[in-house]
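Just below is one structure, and these are the notes that go with it.
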Amino acid sequence: MKRLQGVNGLIRMPEGEGQERGDLYTTALYSEALGSYLLAADNANRTVREALTEQTTTDLPTLWSALKLIRAAGATFPAELEARLANGAIPARQQDVDAEIAALWFWIDVGRMQGWSAIVGKSLAEEALVRLGAIDVNSITDKPYLLWRVFDSYSALQKQKPSELERALKNVDSKKLPGDYESTLDFQAALEARATLGKDLVVPNDAKDHIVGLLDSSQVHDDALIASMLRSLELLNAQTDAQRLIKDRVAPRVDQKTGLIRSATLAKGSVLGTYLAARLLDTSFPEVASERTRHELERVLKAPEIDLITQLKALLALKRSGSSSWESYGAVIERGRAALPVAVTFANLTGYIELVDVLVQLEPSVRLGRLEAFDADPGVEDLLSGALMALSNSMYFSNSEEVRLMFPGVQSALPQLIGSPKEKSLNYFRALTAMTNASRSGLGSNDFDKAAEGLLTLKGCKEFSSLYRMEADKASPCSLSLSAAMIAVPGAYDFGENK
């Protein structure tokens, strides 16, 4: 697995899953700069509705992203977004000052975009102001980007800024050109301060060429940094260069199915890839996880803009890496527990399974939801998929024995689905994982043997002989997500096999 380690220490996914899908947050980062490449209003409304419907709960960064996209596209507000905004709570106080500033800024920016009408009342805005006032400005004078976010938060609240904050911001400089994470954001902050405060700021003559060169060379693989550099170009009055870079670097990453922007982190590993590798390697994972891996996982856990599912997966990977620091992030587990619904329906099934699957590995005693039966026609793909998903994960429901007896039509179709599939679609693999939990399927030992034999035709790829690929072509890449799912299939892995 070390061959899949990205430049950030995390594991890359050879199938590209999780790195190729467009997502709300990535699109929101660029929404103000996309112009004609942005989703049309109707499409933005639909995309936001679908993204929110898939989630059992909505974290603050997702709300921020959805709201930013709707506003940028000039779309009407989906009812789902209005409901989530109405229930939005001020984020919990963060011990780390970086995380506290980021959490408050996201929440306050949502309020600013909404005019404070739908998400917060006066008392909550006052609470945010009190928490801003508790931040020790002297502790962040060497971090211009944090100074700028605190300043911008006061501006959004339309409150007077502390004098020491303005002094500190006026003293930042732009001598260090963008390169790493902090210098990129700090450079933008210095330019924002110049524009807002009328500050006399000396900018290196080669700043514009330096940024354009970095982006043209494709050395930057973090969308937050790319978006920051594009904003810096605008502040340097280099809008023509910025628009050309958007056309060259961002527009080609539009996901044609959703209209959202795919992540640029192809050279970097992902939390999802690292999480799946940890599941596949089990007790051998510490041999692959480096100090950089653990450092990056902790960075994700401290960043409030990262969604809950990703943070839970990062936490499990950190735990399995052998690091004891995972015990310091109990608040992430508590957020996960609070997000679990009591009633699981077809509408929230996918989100529930994704959440509970990782949560029970961190906290086995979590309260399980009860699945409400739904009609599942094996001839309707999404209903078939939902039934197979429920059967595969029957142990994650409080009424697990009932679930094993549900969906008689789908259970009757299982022998055909796994024995002579028309094609090896995603539901073929879901059918394989559902076999052992389908009490009414009538499957016998011969069926299990044939299924294992059929799966063997998809085993192995150039890099890893024990993992699985989704395509029959032996030259196609292995899939970490598929390989991890196949752990549940009898005969998929030989006992003791080095995965």
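A few points about this structure:
- With all protein chains modelled, accessible area of Lys302 [1.4 Å, Å²]: 100 Å²
- Set of lysines near Lys462 by C-alpha distance (under 18 Å), chain-local residues within fewer than 8 positions excluded: Lys2, Lys474, Lys499
- Evaluated at q = 0.10, 0.19 Å⁻¹: base-10 log I(q)/I(0), Debye formula over Cα of segment 372-499: -0.31, -1.04
- Ordering Ile226, Ala125, Pro61 by Cα displacement along the dipole of the chain toward the positive end leaves Ile226 in first place; charges were set at the Cβ atoms of Lys, Arg (+1) and Asp, Glu (-1).
- Percent accessible area from carbon and sulfur atoms, segment 121-247, protein chains only, probe 1.4 Å: 45 percent
- Inter-site label distance for Ser465 and Asp200 at 7 Å from Cα along Cβ, in nm: 7.2 nm
- Maximal additional length on extending the Arg112-Ser163 stretch stands at 16.1 nm, based on 0.36 nm per residue less the C-alpha distance.
- Probe 1.4 Å - accessible area at Glu50, Å² to nearest ten: 100 Å²
- Here the chain is treated with +1 on each Lys and Arg Cβ and -1 on each Asp and Glu Cβ, and its dipole about the Cα centre works out to around 260 debye.
- Extension gain for the segment Ser155 to Asp255, taken as residue separation times 0.36 nm less the Cα-Cα distance, is 32.5 nm to one decimal.
- Expressed as a whole percent, the accessible area of segment 378-419 that falls on carbon and sulfur atoms is 58 (1.4 Å probe).
- Charge context of Ala251, other residues only, Cβ under 13 angstrom, K/R +1, D/E -1: +3
- Positive-end residue, segment 245-324 charge dipole about Cα centroid, Cβ charges, pick of Thr274, Val250, Ala289: Val250
- For segment 334-374, the set of chymotrypsin sites (Phe, Trp or Tyr not before Pro) satisfying both a DSSP loop assignment and a count of at most 16 other C-beta atoms within 10 Å is given as Phe374.
- Karplus-derived HN-Hα couplings along segment 309-326 (A = 6.51, B = -1.76, C = 1.60, θ = phi - 60°), whole Hz, x at Gly and Pro: 4, 4, 5, 5, 5, 5, 5, 5, 4, 4, 4, 6, 6, x, 7, 7, 5, 4
- Å² of accessible area per residue within segment 320-374, as computed with a 1.4 Å probe and no ligands counted: 46 Å²
- Cα gyration tensor shape for segment 319-443, rounded if a/c is under 1.5, else prolate or oblate: prolate
- Neighbour net charge for Asp180 - beta-carbon separation under 11 angstrom, K R +1, D E -1: -2
- In sequence order, segment 282-287 has phi-based couplings of 6, 5, 8, 4, x, 6 Hz under the Karplus curve 6.51 cos²θ - 1.76 cosθ + 1.60, θ = phi - 60°, and Gly or Pro positions carry x.
- Note that segment 381-482 presents 46 Å² accessible area per residue, ligands and nucleic acids not counted, probe 1.4 Å.
- Cβ-based net charge around Glu363, under 15 Å, with every Lys or Arg adding one and every Asp or Glu removing one: +3
- Given charges at Cβ of Lys, Arg, Asp, Glu: the chain dipole, positive-most of Leu480, Ala193, Val344: Ala193
- Mean separation of Cα contacts under 8 Å (6+ apart) over length of segment 408-475, as relative contact order %: 28 percent
- In order along segment 240-256, the phi-based Karplus estimate (6.51 cos²θ - 1.76 cosθ + 1.60, θ = phi - 60°) of 3J(HN,Hα) comes to 4, 5, 4, 5, 5, 5, 4, 5, 7, 9, 9, 4, x, 9, 5, 6, 5 Hz; Gly and Pro are listed as x.
- Nearest-20 debye value, segment 331-483 charge dipole, Cβ charges on Lys, Arg, Asp, Glu: 260 debye
- Straight-distance crosslink candidates among lysines, where the alpha carbon sits under 28 Å from Lys161 and sequence neighbours closer than 8 are dropped: Lys68, Lys122, Lys143, Lys170, Lys175, Lys176, Lys199, Lys302
- Taking the Cα centre of segment 362-418 as reference, the dipole from Cβ charges on Lys and Arg (+1) and Asp and Glu (-1) amounts to some 220 debye.
- Rounded to 5, the percent of DSSP beta bridges in the chain classed as antiparallel: 65 percent
- Aspartates and glutamates whose Cα lies under 14 Å from that of Lys319, excluding same-chain neighbours fewer than 8 positions away: Asp282, Glu287, Glu291, Glu296, Glu298, Glu327, Glu363
The values are calculated or read from the model by the stated rules, or taken from the named source; none is laboratory data. The structure presented is a predicted model; accordingly, all values stated were derived computationally and were not measured. Cβ coordinates were reconstructed from backbone atoms using ideal geometry, including for glycine residues, and neighbour counts include every protein chain displayed. Accessible surface is based on the protein model in full, side chains and every heavy atom, while ligands, DNA and RNA are left aside. Shrake-Rupley method; radii C 1.70, N 1.55, O 1.52, S 1.80 Å.
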